[in-house]
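Presented below is the structure to which this report refers.
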């Protein structure tokens, strides 16, 4: 009998369709961090331009054909300002509706932002620190949201890119052999495709920072889905099909409702921070390099428990300079620097369907169904199947949250082994949709069978002639003696 089971990647075939035309009827929520120019029809370099060689796209993909990043075809399907919820893909809205009807989305009232770049407020009588609301703006920590790094670690990341300042930051990081997380704004990716491409080529992690950087608690449920969904879709279509697992709310503004929507609809985990440089205000005299240096010195020479997640931006040359000045102090005080999403992911991956941003096998999945996959960076040839349901407590009646500063769950030190991609078996309903008509045990697929699965997947996807043979192949392996092999799990 076989000692492993083969549940191929074809379980996750759904492909999102993006609208061909966008009508942006929703105003507001654009902030200082939004790049204003968009690529013209003639923006891109000719094929013999030296930049083509410098920024060659050699990353692995899920096998699908994606438009060249930065081309008019690539940018055409996406909103050019705040998304219009009437133009959202039906699958996203259906996923939200299903979560609402199941009672998973808490009934938390929207907040109101009275002035740009000022903290929003809730209606009278609503306590933002209550367990039923738990607003991160008011420093309430939701269980599962990440605020702290493991002891002695700095989770490195930069918000609001890509911008004109990104090349200088990338130069510095490359010179010092550092990998960080870029929490990127969707509309800025459209505006600065070269910096986005270079970030990916250098191996930096890409995470979600919404489409236009609004205060998320001021939005409707549908608007929250739009801000997250379009950003995830653009990252997916620009990185060979990778689906990010982490997001950071603009201004750190989230609450029980918003974080639950992110988790229930898109399987996104929320990352906040425990120290703030306020470097975004350097260009408006809100702070100074001297003030940031003083704060950094205090944090970096102080306690290493918990570790640090410092809010920094790639907004301006000044903010990049602030990090460059602090970097030697981090090293001098023996801090361990690691991309924040890799740090909190531990021995799993920061992506739902790939081991990293620019190499390794990418499993074919859309941004909704990627949650059914488990990708590991462990050297083990198998992984224990785990539930794909949300770990976030999402019912307002059962939610528990602490308004006090509690240590993050990210307290384990991640290993750094050779990357391996492992596919976890999907839900029963997905096999049933393929008319297999048999029950089975959730199992893990070894890496050495993955390429065979991908070949068969393409046959199945593009020709109905092979459908019956494909089902026969699956039935053979699904019927392998699960009882005798259960100990392998």
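Sort through 386, 396 and tell me the only one that's at pLDDT below 85, farther than 19 Å from residue 277 by Cα and either in the same structural domain as residue 272 (by TED's automatic domain parsing) or surrounded by fewer than 18 Cβ atoms within 10 Å (Cβ to Cβ) (or both).
386
Condition first: touching a strand residue (DSSP E or B) at 6+ places or on another chain (Cβ under 8 Å) and in a helix (DSSP H, G or I). Now tell me which residues in the range 251-265 satisfy that.
252, 259, 262, 263, listed by residue number.
Among the candidates 305, 348, 297, 339, which residue alone is surrounded by 21 or more Cβ atoms within 10 Å (Cβ to Cβ) and either at pLDDT below 95 or assigned by TED's automatic domain parsing to the domain that holds residue 144 (or both)?
339
Do we have residue 331 as without any contact (Cβ under 8 Å) to a residue 24 or more places away in the chain and in contact with a strand residue (DSSP E or B) (Cβ under 9 Å, 6 or more places away or on another chain) here?
In short, yes.
Are any of the residues in the range 210-217 on the phi > 0 side of the Ramachandran plot and in the same structural domain as residue 159 (by TED's automatic domain parsing)?
yes
Can you go through 216, 232 and tell me which one is in contact (Cβ under 8 Å) with a residue 12 or more places away in the chain and under 13 Å from the mean Cα position of the chain (by Cα)?
So the residue among 216, 232 that is in contact (Cβ under 8 Å) with a residue 12 or more places away in the chain and under 13 Å from the mean Cα position of the chain (by Cα) is 232.
Can you pull out every residue in the range 100-124 that is free of Cβ contacts under 8 Å to residues at least 12 places away in the same chain and within 23 Å of residue 213 (Cα to Cα)?
Passing the criteria: 114, 115, 118, 121.
If residue 359 passes every condition in (1) modelled with pLDDT under 95; (2) touching a strand residue (DSSP E or B) at 6+ places or on another chain (Cβ under 7 Å); (3) farther than 18 Å from residue 246 by Cβ but one, which one does it miss?
Result: residue 359 passes all but (2).
Can you confirm whether residue 343 is touching a residue at least 12 places away in the same chain (Cβ under 8 Å), more than 27 Å from residue 164 (Cα to Cα) and part of a helix (DSSP H, G or I)?
Taking the combined requirement at face value, the residue satisfies it.
Would you check if there is a residue in the range 134-145 being in contact with a strand residue (DSSP E or B) (Cβ under 6 Å, 6 or more places away or on another chain), outside any strand (DSSP E or B) and either in the same structural domain as residue 200 (by TED's automatic domain parsing) or more than 24 Å from residue 345 (Cα to Cα) (or both)?
Yes, the range 134-145 has at least one match.
Can you spot a residue in the range 121-130 that is closer than 29 Å to residue 359 by Cα, in a loop (DSSP other than H, G, I, E, B) and assigned by TED's automatic domain parsing to the domain that holds residue 338?
The answer is no, given that none of the residues of the range 121-130 is closer than 29 Å to residue 359 by Cα, in a loop (DSSP other than H, G, I, E, B) and assigned by TED's automatic domain parsing to the domain that holds residue 338.
Just to be sure, is residue 372 buried (at least 20 other Cβ atoms within 10 Å of the Cβ), under 30 Å from residue 96 (Cα atoms) and modelled with pLDDT under 95?
Spelling it out, residue 372 is indeed buried (at least 20 other Cβ atoms within 10 Å of the Cβ), under 30 Å from residue 96 (Cα atoms) and modelled with pLDDT under 95.
Condition test on residue 173, is it in the same structural domain as residue 340 (by TED's automatic domain parsing) and either closer than 30 Å to residue 329 by Cα or modelled with pLDDT under 95 (or both)?
yes
The values are calculated or read from the model by the stated rules, or taken from the named source; none is laboratory data. Keep in mind that what you see is a predicted model, and the values were worked out from it rather than measured. Quick reminder, even Gly has a Cβ in these numbers, built from the backbone with ideal geometry, and neighbours come from all protein chains shown.
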